Structure formats: C-alpha cells, structure tokens
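K.L.:
Quick one: this structure, given as structure tokens, is what I'll be asking you about.
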Amino acid sequence: MDKQTEFVLRTMEERDVRFVRLWFTDVLGFLKSVAIAPAELEGAFSEGIGFDGSAIQGFARVYESDMVAHPDPSTFQLLPWRGQTQGTARMFCDIRLPDGSPSFADPRYVLKRTLKKASDMGFTYYTHPEIEFYLFKQPIVPGQPPTPADQSGYFDHTTTSPGADFRRQAITLLEQMGISVEFSHHEGGPGQQEIDLRYADALTMADNIMTFRVVIKEVAVMQNMFASFMPKPLSDHPGSGMHTHVSLFEGDNNAFYDATAEYHLSKTGRQFIAGLLRHAGEITAVTNPWVNSYKRLISGAEAPSYICWGQNNRSALVRVPMYKPNKGASARVELRSIDSAANPYLAYAMVLAAGLAGIENEYELPEGAEDDVWSLTDRQRQALGISPLPRSLGNAIDLMENSQLVADTLGEHVFDFFLRNKKSEYDSYRSQVSEWELTKSLPTL
C-alpha cells in the first residue's frame with residue numbers, strides 16, 4: 001500500500017467520513033458517481049468497484065458490459081458542503097476492464113494516453129481555463145427563456161448583485177478542495193460570471209473542471225438559483241466559453257519562450273499554434289460538442305468564428321498574450337473556442353494532439369491577423385487565407401469524421417460512439433420546428 005493510499009484511509013478514519021463518492025465521466029462529459037461505505041474503500045483500492053458499462057453513455061455494448069472503477073487516491077478530497085462531521089469525500093476513478101487493462105472508453109484514459117505521447121517527446125502540458133457560466137433565477141421552465149439572476153455587466157462591482165456573494169462562496173468551497181482560483185468577476189451578459197482556475201497539469205485541471213461544475217451547481221442551489229454552462233442560453237447576450245491558456249514545459253523550462261524571438265514565442269510555440277490552426281476544424285466537434293455551441297461561435301462577442309491567430313486580437317481563434325518582462329515561464333497561447341460544457345478530458349487531449357502534430361511535422365505558422373476579423377468581408381478573409389470555423393454541429397461532424405488525427409487521439413471506440421451520438425443529436429435538432437420558424441413563416445407561407 002503506497003503512502004497516498006495510507007493517507008486516504010487514515011484521513012477517512014480521523015475525520016469520521018461516512019461516504020466516499022467515486023467519480024468518473026462518460027464520453028459526453030457528464031459526471032457519474034457511486035457512493036461506497038468506508039469499510040469498502042480498502043477493497044476498492046485493491047480490486048476496484050464493478051459496474052455495468054453498457055448503462056453508461058459510450059462505455060460498452062451489452063455483451064461486453066463488465067467494467068471496474070479504480071479510485072485514484074491522489075484525487076481524494078472532502079466535499080465541504082456536506083459538512084465537517086460524518087462527511088462525504090470524493091475520488092476520481094480510472095476505468096478498467098476485468099483483466100486490469102485500461103478501458104478505451106474512459107475519457108480520462110484518452111487524455112492520459114495523449115499526455116504520455118507528450119511526455120515521450122519531452123513535454124509536460126499545462127492548462128489554465130477561464131470558465132464562464134450563467135446564473136438564472138428559479139424556477140427553470142424547459143422551453144421557456146430563463147431569467148438572469150442580475151442585470152450587471154462586465155466587471156461591474158455592485159453591492160446588490162447576487163453574483164458577488166455567489167462567487168465568494170463558490171471560491172471558498174473550491175479552495176477548501178485544493179482548487180486554486182486566480183480571478184473572478186462578472187462577465188458581459190446579465191447573470192453571467194467568470195472564474196479562472198490557476199494553471200495546473202492538464203489531467204489535474206480536467207479533474208478540477210469536473211469538480212468546479214459540481215461546486216458551481218451546488219452553490220447555485222444553496223442560493224436558490226440555477227447555474228448553467230450552456231454555450232448560448234440567451235439569444236441577445238454573449239455565450240459562455242472556456243478560453244484556455246496552454247503551455248508546454250521541458251523540465252523547468254517553458255518550451256514556448258524564446259527571449260530573442262518575435263513576441264518572445266519560440267519555434268516550438270509557433271509550431272504548436274500552427275498545429276492548432278491546421279486541425280482546428282477537425283477538433284471543433286470535440287471542443288464544441290453541442291448543437292447550441294454553434295449559436296455561440298457565429299455570434300461574435302469574443303467567441304471566435306474564424307481560424308487565425310494574433311497577439312492582441314480577441315477576434316482570433318488563438319491569441320498570444322502579451323509578454324510580461326522577466327516572466328518567461330508564463331509564455332503561453334490562448335485557445336478561445338472551447339465550450340464551458342465540453343468534456344475537458346477529450347477537449348484537452350485534442351488540443352494537445354493538434355499542437356504536437358504541429359511540432360512533429362514542423363508546420364509553418366501563417367501570418368498573424370491583427371485586424372478585427374469579424375469586420376472583414378468574406379473576400380478579404382479569403383485573401384488573407386482565413387477560413388471559418390465549422391458553422392454547425394453537422395459541419396463539424398463531417399470534418400471530424402475524415403480526421404485521422406481525431407480518430408487516433410480518441411481511439412476507435414470513443415471516436416465511433418462520439419460520431420454516432422452527435423449525428424443523432426444533430427438529426428434530431430434539424431427535424432424540430434423552432435419558435436423562430438413559427439413566428440416568421442407560419443403567418444406568411
């Protein structure tokens with residue numbers, strides 16, 4: 001038994017923890033949980049907890065359904081909202097087959113596999129997300145527009161807005177769980193909030209994002225509100241994204257930093273961006289996996305619509321943040337397309353795979369775009385070599401289906417299930433008659 005496992009078992013006893021929730025994520029990014037009693041935990045560490053994989057989205061077919069969840073002791077944390085006495089803890093799990101081999105359907109394993117490739121190339125992969133979401137008043141009525149919790153705007157400081165108290169309580173709980181928060185503020189839409197998590201290695205960050213979503217929704221319920229990570233919940237206001245800053249390190253050195261280069265961006269950093277740009281269309285179905293995602297991407301308002309990069313250009317898909325003197329370790333690139341509702345394990349795996357492809361194949365970085373790309377005409381964008389991101393989930397699926405990079409990164413099982421599920425979602429969406437059509441067309445046609 002290793003020291004971390006011993007620590008978990010000792011803490012369970014000392015803190016009188018009565019329940020342990022074992023968490024894992026399905027292919028679509030929804031959190032799954034099974035609670036076990038403390039007496040079962042030592043057995044779970046040694047043998048895992050069996051479950052029916054065919055009942056989980058994308059995990060297994062009925063005739064190969066047996067799967068085993070193995071808790072990762074390094075992810076042990078108490079759930080602070082469950083109280084300090086007779087409390088509840090959680091751990092993330094790795095999903096394996098009965099013979100002990102990893103399940104290719106486990107999104108956490110997809111990311112681990114991609115991180116192993118980066119490690120073999122000498123890199124450690126770090127991410128730092130800016131997570132946006134909306135707070136709405138209760139009740140939420142399906143099919144009806146939700147009512148924002150406030151009418152504040154970007155960076156507004158108000159004593160009456162519920163957002164300030166909400167962010168304070170949420171951040172307190174996050175930090176009690178060992179998740180460091182760097183910034184928080186009110187975003188541009190009414191009721192819209194942003195909380196930025198301090199950078200960490202990509203696997204830890206993906207676990208943190210899944211925990212973050214639980215904490216945000218729990219605090220919202222405590223304050224009689226509803227929190228939504230839907231990419232575009234309100235027609236006339238900005239959508240919610242998860243702009244993510246990424247960097248590669250070689251040991252203690254930032255592989256994206258070069259003191260002598262333009263923007264202080266190294267050859268490795270330029271090739272990484274080139275990989276993101278070349279494969280942007282192919283990976284969009286993973287980074288923006290919902291029908292609603294494309295309502296955000298075509299609306300502007302700081303959501304990227306076109307495949308380009310720039311330094312101080314917030315209309316670009318990839319941005320190189322301004323260099324801070326004497327802070328070479330902070331060199332990074334920002335990808336602005338990812339949804340707050342994406343599966344973070346799969347999204348971060350695809351971002352890394354695209355960047356590594358750029359490094360492996362020594363892609364050339366095209367000229368940066370410093371114009372407001374939204375304000376250009378189609379002809380001007382075409383002359384600059386700037387292509388659009390997919391305009392719909394259907395368009396994104398078509399590009400993904402023909403991508404060897406996505407197939408290799410996700411693995412055959414996840415790739416096939418993801419495509420089938422998303423095709424079904426898009427076909428269902430296309431068959432619906434919308435309120436807009438009934439309003440515009442029914443009276444006149």
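K.L.:
Of the conditions (1) at pLDDT 95 or above; (2) assigned to a helix (DSSP H, G or I), Thr244 satisfies every one except a single condition; which number is it?
P.N.:
(2)
K.L.:
Say we look at the range 173-190 and pick out the residues that are at negative phi, of a type in the set (Gly, Ala, Ser) and part of a loop (DSSP other than H, G, I, E, B); which of these is most open to solvent (accessible area, probe 1.4 Å)?
P.N.:
Top of the filtered list is Ser180.
Conditions (1) under 21 Å from the mean Cα position of the chain (by Cα); (2) within 30 Å of Gly191 (Cβ to Cβ), marked per residue:
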| position | (1), (2) |
| --- | --- |
| Ser101 | no, no |
| Asp106 | yes, no |
| Pro129 | yes, yes |
| Phe133 | yes, yes |
| Pro146 | no, yes |
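K.L.:
Here is a further query. If I ask for residues that are in a loop (DSSP other than H, G, I, E, B), among the small types (Gly, Ala, Ser) and free of Cβ contacts under 8 Å to residues at least 24 places away in the same chain, which ones from the range 108-160 would you list?
P.N.:
Within the range 108-160, Gly143 is the sole residue that qualifies.
So that you can scan it fast, the table gives a plain yes or no per residue for (1) of a type outside the set (Lys, Arg); (2) at pLDDT below 95; (3) surrounded by fewer than 20 Cβ atoms within 10 Å (Cβ to Cβ):
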{"residue": "Phe133", "(1), (2), (3)": "yes, no, no"}
{"residue": "Gln144", "(1), (2), (3)": "yes, yes, yes"}
{"residue": "Asp156", "(1), (2), (3)": "yes, yes, yes"}
{"residue": "Ile171", "(1), (2), (3)": "yes, no, yes"}
{"residue": "Ala200", "(1), (2), (3)": "yes, no, yes"}
{"residue": "Thr204", "(1), (2), (3)": "yes, no, yes"}
{"residue": "Phe212", "(1), (2), (3)": "yes, no, no"}
{"residue": "Val221", "(1), (2), (3)": "yes, no, yes"}
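K.L.:
Please note which helices (runs of 4 or more DSSP H) are completely contained in the range 359-445 and include at least 1 residues that are crowded, with 17+ Cβ neighbours inside 10 Å.
P.N.:
Counting at least 1 such residues, we get 378-383, 393-401, 404-410, 412-430.
K.L.:
Restricting to the range 76-106, count the residues that are surrounded by 15 or more Cβ atoms within 10 Å (Cβ to Cβ) and not in a strand (DSSP E or B).
P.N.:
Counting residues in the range 76-106 that are surrounded by 15 or more Cβ atoms within 10 Å (Cβ to Cβ) and not in a strand (DSSP E or B) gives 11.
K.L.:
Of all residues in the range 247-269, how many are β-branched (Val, Ile, Thr), in a loop (DSSP other than H, G, I, E, B) and in contact (Cβ under 8 Å) with a residue 12 or more places away in the chain?
P.N.:
Going through the range 247-269 one residue at a time, the tally reaches 0.
K.L.:
Looking at (1) touching a Lys or Arg at 6+ places or on another chain (Cβ under 6 Å); (2) charged (D, E, K, R); (3) surrounded by fewer than 19 Cβ atoms within 10 Å (Cβ to Cβ), which is the one condition that is false for Arg314?
P.N.:
All conditions pass for Arg314, except number (1).
K.L.:
Another question, if that's okay. Checking Ala227 against (1) surrounded by fewer than 22 Cβ atoms within 10 Å (Cβ to Cβ); (2) in a strand (DSSP E or B); (3) under 18 Å from the mean Cα position of the chain (by Cα); (4) hydrophobic (A, V, I, L, M, F, W, C), which single condition isn't satisfied?
P.N.:
So the condition that Ala227 fails would be (1).
The values are calculated or read from the model by the stated rules, or taken from the named source; none is laboratory data. Computed from a predicted structure; not experimentally measured. Reconstructed Cβ throughout: ideal geometry from the backbone, glycine too, with neighbour counts over all protein chains shown. Note: accessible area is taken over every heavy atom of the protein model, side chains too, but ligands, DNA and RNA are not part of it. Shrake-Rupley method; radii C 1.70, N 1.55, O 1.52, S 1.80 Å.
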